[in-house]
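Asks: Mind having a look at this structure? Questions to follow.
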Amino acid sequence: MAQNDTNKNGGNLGFEAEMFKAADKLRGNMEPSDYKHVALGLIFLKYISDAFEARHKALLAEDPQAAEDKDEYLADNVFWVPKDARWSHLQANAKLPTIGTLIDDAMRAIEKDNESLKGVLPKDYARPALNKVMLGELIDLISGIALNEAGHASRDILGRVYEYFLGQFAGAEGKRGGEFYTPRSVVRVLVGMLEPYQGRIYDPCCGSGGMFVQSEKFVQEHGGRIGDIAIYGQESNYVTWRLAKMNLAVRGIDSDIRWNNEGSFHKDELRDLKADYILANPPFNISDWGGDRLREDVRWKFGAPPVGNANYAWLQHIVHHLAPNGTAGVVLANGSMSSTQSGEGDIRREMVEKDVVDCMVALPGQLFYSTQIPACLWFLARNKNPGNGWRDRRGEVLFIDARKLGGLVDRTRRELSDEDVKRIGDTYHAWRGEPDMGEYSDSPGYCRSVKLAEIAEHGHVLTPGRYVGSEEVEDTDEDFATKMLLLTETLGEQMLEGAKLDLVIRETLGGLGYEL
């Protein structure tokens, strides 16, 4: 099997891409949103069958009687796969017109014997609209994954393929796809800055679980054990929740991921959880989040968020769930850094003055599948002087302007490179005074540590470009079109609230990094 190559922008250039191209050809006229579940469900089935067969073979050599004991598999974090649900059985029958029914039966049998997978696996392969010839060819294609690989190497290869396919389907689906998938390079920035070596990790809107996968990778790459972290999450979209459960299972990650269609605001499934790390990419600028029914909620420590925008509800929900020394990284639209509409400016002022804002990062445009709206990262900390060997950074906020970083990977999308991710993370770690990181120093146009008094002088606006002295960048036609689209959308929303035109223009352009 060819080894995976990583390009300078952190993407995959190995067999995953070739497999996706081949699988996508089989899709024909089928919508990516439908085909996604067909392909990912089969990759998942291949994964758990391979893991079972490897463990079964080992048990047969050790103790043939134990090979039929389900508990022996559960003890090794391996799902029990009944005989007729194993990949070898499906592969042998891939050309039969009844292959769809055989797959559905296999999925049902696996759910029946594995409590944690109940209600998770797709079971509609027998539907008439699904081309059975295509299905057989897809089984043949997936049969080649991890060929001649054994044990954990096989698991890792299948996990890489699953993760790569998730990202590609998100791109193919466009805006809808971005709702379940956060770009890998953005997740790597969050994980690299927070460094979740051990403790409780939480995502209140976990999508397909990419934050957790990258956290697990981080722990492994730094010599830790998967068991050093405990993973908790919640997702309101049932289909996306199923993707998350499968994504984590493919990686062998144990987790407590809850689903309900009311969401984290109205039915907080993990009400008593206090997490050491929170990583989240909430949907941007959601207006119909039902905030009118939550005006006196205990989570609103810095002020009741506006009913027409959930951004500050997400920030406060996250702070509420942080442990005393917990830290969080949150992806939000740029407007969250400067808006004063409907009391958002007052909430932001309280957050700054209460010293829970640790670092702000302005991201380059075109990173996301789901929107062209520029985004930023909020890093929050309950305790800026935790006594863990880091310096006392109370009364300061680090601003990083990363808008010039990254490179285009295709005509419409940009990625942060490995070097970009490392540079941002190292800047934050040096600023926190972590051992062996060297001394932090401001870098004009890129980063600056700012006292709260100066932030107050700027009306508690948190746009990095205002503080680091970013150089003026000549807009391309595409950049200008993106900014005008955002300006038009924001004006349309805010003018409905009776905002003064000049104030709205100033705030919106400020969120885009311009000063008036």
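The values are calculated or read from the model by the stated rules, or taken from the named source; none is laboratory data. Predicted model, so just to flag it, every value in this text is computed and none were measured. Please note: Cβ atoms are built from the backbone with ideal geometry, for glycine as well, and neighbour counts cover all protein chains shown. Ligands, DNA and RNA are stripped out before the accessible areas are found, and what is left, the full protein with its side chains, is counted by its heavy atoms. Shrake-Rupley method; radii C 1.70, N 1.55, O 1.52, S 1.80 Å.
Asks: Looking at the range 420-445, which of its residues are open to solvent by 60 Å² or more (accessible area, probe 1.4 Å), in contact (Cβ under 8 Å) with a residue 40 or more places away in the chain and under 18 Å from LEU377 (Cβ atoms)?
Replies: Correct list: LYS422 only.
Asks: Okay, next question. Sort through SER116, SER88 and tell me the only one that's outside any loop (DSSP other than H, G, I, E, B) and over 20 Å from VAL239 (Cα atoms).
Replies: Details: SER116 fails: over 20 Å from VAL239 (Cα atoms).
SER88 is the lone residue from the list that is outside any loop (DSSP other than H, G, I, E, B) and over 20 Å from VAL239 (Cα atoms).
Asks: Given (1) of a type in the set (Asp, Glu); (2) in contact with a Gly (Cβ under 8 Å, 6 or more places away or on another chain); (3) within 21 Å of CYS447 (Cα to Cα), identify the lone condition not met by ASP358.
Replies: With (1) of a type in the set (Asp, Glu); (2) in contact with a Gly (Cβ under 8 Å, 6 or more places away or on another chain); (3) within 21 Å of CYS447 (Cα to Cα) applied to ASP358, the lone miss is (2).
Asks: For the range 290-340, enumerate the residues that are in contact with a Pro (Cβ under 8 Å, 6 or more places away or on another chain) and surrounded by fewer than 17 Cβ atoms within 10 Å (Cβ to Cβ).
Replies: Residue satisfying the conditions is ASN325 alone.
Asks: Where the second residue is modelled with pLDDT under 90 and open to solvent by 80 Å² or more (accessible area, probe 1.4 Å) and the first is at positive phi and of a type outside the set (D, E, K, R) and lies in the range 59-72, which pairs have Cβ atoms under 7 Å and are six or more apart or on separate chains?
Replies: Nothing qualifies.
Asks: ARG271 - would you say it is surrounded by fewer than 24 Cβ atoms within 10 Å (Cβ to Cβ), basic (Lys, Arg), within 25 Å of GLY119 (Cα to Cα) and at pLDDT 90 or above?
Replies: When the stated conditions are applied, ARG271 passes them.
Asks: Something else now. Kindly indicate whether LYS217 is open to solvent by 10 Å² or more (accessible area, probe 1.4 Å), in a helix (DSSP H, G or I) and either free of Cβ contacts under 8 Å to residues at least 40 places away in the same chain or polar (S, T, N, Q) (or both). Show your work before the answer.
Replies: On the way: open to solvent by 10 Å² or more (accessible area, probe 1.4 Å): yes; in a helix (DSSP H, G or I): yes; either free of Cβ contacts under 8 Å to residues at least 40 places away in the same chain or polar (S, T, N, Q) (or both): yes.
So LYS217 fits the description; yes.
Asks: Name the one entry in ARG403, ARG349 that is closer than 20 Å to HIS320 by Cα and open to solvent by 20 Å² or more (accessible area, probe 1.4 Å). Let's see the steps before the verdict.
Replies: Working: ARG403 fails: closer than 20 Å to HIS320 by Cα.
Selected residue: ARG349, the only one of ARG403, ARG349 that is closer than 20 Å to HIS320 by Cα and open to solvent by 20 Å² or more (accessible area, probe 1.4 Å).
Asks: Let me ask you something else. Looking for something more than 28 Å from GLY167 (Cα to Cα), crowded, with 21+ Cβ neighbours inside 10 Å and at pLDDT below 95 - is there at least one such residue anywhere in the range 22-34?
Replies: Our first condition is that a residue be more than 28 Å from GLY167 (Cα to Cα); within the range 22-34, this holds for none.
Scanning the range 22-34 turns up no residue that is more than 28 Å from GLY167 (Cα to Cα), crowded, with 21+ Cβ neighbours inside 10 Å and at pLDDT below 95.
Asks: Could I ask something else about it? In this structure, is ARG108 open to solvent by 50 Å² or more (accessible area, probe 1.4 Å), closer than 26 Å to TRP241 by Cβ and either part of a helix (DSSP H, G or I) or hydroxyl-bearing (Ser, Thr, Tyr) (or both)? It would help to see each step written out before you state the result.
Replies: Working: open to solvent by 50 Å² or more (accessible area, probe 1.4 Å): yes; closer than 26 Å to TRP241 by Cβ: yes; either part of a helix (DSSP H, G or I) or hydroxyl-bearing (Ser, Thr, Tyr) (or both): yes.
Yes: the conditions hold for ARG108.
Asks: Among the residues of the range 124-146, write down those that are of a type in the set (Lys, Arg) and crowded, with 17+ Cβ neighbours inside 10 Å.
Replies: Filtering the range 124-146 for residues of a type in the set (Lys, Arg) gives 127, 132.
Once the filter is applied, which keeps residues that are of a type in the set (Lys, Arg) and crowded, with 17+ Cβ neighbours inside 10 Å, the range 124-146 yields only LYS132.
Asks: Turning to a different aspect of this structure: Restricting to the range 322-368, count the residues that are in a loop (DSSP other than H, G, I, E, B) and of a type in the set (Lys, Arg).
Replies: Going residue by residue through the range 322-368, those that are in a loop (DSSP other than H, G, I, E, B) are 338-340, 354-356, 363-368.
In the following step, the residues that additionally are of a type in the set (Lys, Arg) were identified as 354.
Residues meeting the conditions: 1.
For (1) within 13 Å of the chain's Cα centre (by Cα); (2) outside any loop (DSSP other than H, G, I, E, B), each residue gets a yes or a no:
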position	(1), (2)
SER185	yes, yes
MET193	no, yes
PHE212	yes, yes
GLY223	no, no
ARG258	no, yes
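Results for (1) in contact with a Phe, Trp or Tyr (Cβ under 7 Å, 6 or more places away or on another chain); (2) surrounded by 18 or more Cβ atoms within 10 Å (Cβ to Cβ); (3) within 25 Å of PHE284 (Cα to Cα), shown as yes or no for each residue.
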residue	(1), (2), (3)
ARG184	no, yes, yes
PRO204	no, yes, yes
GLY209	no, yes, yes
VAL213	no, yes, yes
HIS222	yes, no, no
TYR232	yes, yes, yes
GLU235	yes, yes, yes
LEU243	yes, yes, yes
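Asks: Here's something else I'd like to know. Could you grab the pairs with beta carbons closer than 6 Å, sequence gap of 6+ or different chains, first residue in the range 22-38 and in a helix (DSSP H, G or I), second one open to solvent by 50 Å² or more (accessible area, probe 1.4 Å)?
Replies: Pairs found: LEU26/GLU137; PRO32/ALA172; TYR35/ARG27.
Asks: May I ask you to verify whether ASN383 is open to solvent by 20 Å² or more (accessible area, probe 1.4 Å), modelled with pLDDT of 95 or more and either in contact with a strand residue (DSSP E or B) (Cβ under 9 Å, 6 or more places away or on another chain) or in a helix (DSSP H, G or I) (or both)? Walk me through how you get there before you give the answer.
Replies: Numbers: open to solvent by 20 Å² or more (accessible area, probe 1.4 Å): yes; modelled with pLDDT of 95 or more: yes; either in contact with a strand residue (DSSP E or B) (Cβ under 9 Å, 6 or more places away or on another chain) or in a helix (DSSP H, G or I) (or both): yes.
Taking the combined requirement at face value, the residue satisfies it.
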